[in-house]
There are 2 protein chains.
Amino acid sequence: MDMPIRTADEVDLDRLNSALGFLMRLAQLKIYERFFEEVGEHNLKPGEFSVLWVILHNPGIRQSVLGQRLMIKRAHMTKLIRALEDQNLVSRRIPDGDRRAVEITLTPEAVTRVEQASQWFFTYEASVGANLTADERRQLTALLQKFVGLD
Amino acid sequence: MDMPIRTADEVDLDRLNSALGFLMRLAQLKIYERFFEEVGEHNLKPGEFSVLWVILHNPGIRQSVLGQRLMIKRAHMTKLIRALEDQNLVSRRIPDGDRRAVEITLTPEAVTRVEQASQWFFTYEASVGANLTADERRQLTALLQKFVGLD
DNA sequence: CAAAATTTGTTTACAAAGAAACAATCTCCA
DNA sequence: TGGAGATTGTTTCTTTGTAAACAAATTTTG
């Protein structure tokens, strides 16, 4: 007597299917996966893009603040910024007021790159909730904003 | 003339603050972070728990199907399962029908562990949307389920 | 049926991200 | 003032996850 589960949608998740952490992880992976199918290797990865985007809109932002806002740990931020510096996309400046800190700015080159990239980034973003109605999408966005405290 | 951004909530995210991928990432990190504050090092990590939970409810499930459902890549799944096997939590069986496949079952020991762990896991899960109203929480759950195709 | 293509899992090499320890600087207050 | 404690960033080590090449078994198809 053998009746094995053959496909993913036959799997019984029991209560797990309403666990927010679980759903959120699936949702994020799904977005990320589709991103590479659709956008491909479009030179800027989503993570890099958002870092550069935030620097563009907050020139001279400090590494620590950037990390807090994007929830990137300091150790990791150091590496990201160095990688961007190596590609000549950002420049670092030690402010006079506080010589521990580092203020980040985009190079002119990066400004162009980010502005271009923002076109396909937000185009993709707009397509993300395609299996939801426009209204559901708005609701979801609003709820997530409240959830993470961005409202 | 210097007016630097000092705190994370002064940061201008522009359109990024309604990008679903971005919000989803923040949300997931926030959940994960709080998880370790509240639950601490409660021997089973969220990832391990969900794998074991799904095996509990689908005994003899195949590695590939498990991976598809939890969106874990095959290469990674191999390592996870081996780690669980080393802890004597799961056993692997090659079915007669298809000798490429591996069917996974919990050891009796693991059944107890998972049932215990499920108590604190779902207790924590229930506390996750605490800054939302009960109704908002329900909506969010439903929208996410639809989003990931679990409805 | 036999060769080609696909599926399943493993291995190896690598990338992304976090933890802990550290150094430099700054803040606060006794 | 000056020393204790906090902040900021870096380094090193480890964990977590992915990518690509592979082997074995199965399915497809000519």
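Assorted remarks:
- Reachable lysines, given that their alpha-carbon falls under 17 Å from the alpha-carbon of A:Lys30 and they are not under 8 places away in the same chain: A:Lys45, B:Lys73, B:Lys146
- Within chain B, helix-based [θ] at 222 nm, where runs of 4 or more DSSP H residues each add -39,500 (n - 2.57), nearest 500: -18500 deg cm²/dmol
- Rel. contact order, % - alpha carbon contacts under 8 angstrom, at least six apart, chain B: 20
- For region A:52-68, residues shielded by at least 10 square angstrom of accessible area compared with the chain on its own, probe 1.4 Å: A:Trp53, A:Val54, A:His57, A:Asn58, A:Ile61, A:Arg62, A:Val65, A:Gln68
- Extended-chain gain in nm, criterion 0.36 nm per residue less alpha-carbon gap, B:Asn43 and B:Gln145: 33.9 nm
- For the pair A and B, total buried accessible area rounded to nearest 100 Å², probe 1.4 Å: 6600
- Along principal axes, Cα extents of region A:1-82, largest first, whole Å: 66, 28, 20
- Of the DSSP H helices in chain B, those with a Cα length along their own long axis of 15 Å or more and a mean Kyte-Doolittle hydropathy reaching 1.0 comprise B:46-57.
- In region A:94-110, burial by the other protein chains removes 10 Å² or more of accessible area from A:Glu103, compared with the chain on its own (1.4 Å probe, ligands and nucleic acids ignored).
- Portion, in percent, of the accessible area of the protein assembly as shown that falls on carbon or sulfur, probe 1.4 Å: 50
- Largest first, the three principal axis extents of the alpha carbons in chain A are 73, 35, 30 Å in whole numbers.
- FRET efficiency, 1/(1 + (r/R0)^6) with R0 30 Å, evaluated for B:Asp98 and A:Leu132 via beta carbons: 0.20
- When nucleic acids and ligands are ignored and a 1.4 Å probe is applied, B:Arg137 ends up with an accessible area of around 50 Å².
- Å² per residue, accessible surface of chain A at 1.4 Å: 53
- Computed on the protein assembly as shown, the Cα convex hull volume stands at 164 Å³ per residue.
The values are calculated or read from the model by the stated rules, or taken from the named source; none is laboratory data. In this text, all values refer to a predicted model and were calculated from it rather than measured experimentally. Methodologically, a virtual Cβ is constructed for each residue, glycine included, from the backbone with ideal geometry; neighbour enumeration extends over all protein chains shown. These area figures cover heavy atoms from the full protein model, side chains too; ligands, DNA and RNA do not enter into them. Shrake-Rupley method; radii C 1.70, N 1.55, O 1.52, S 1.80 Å.
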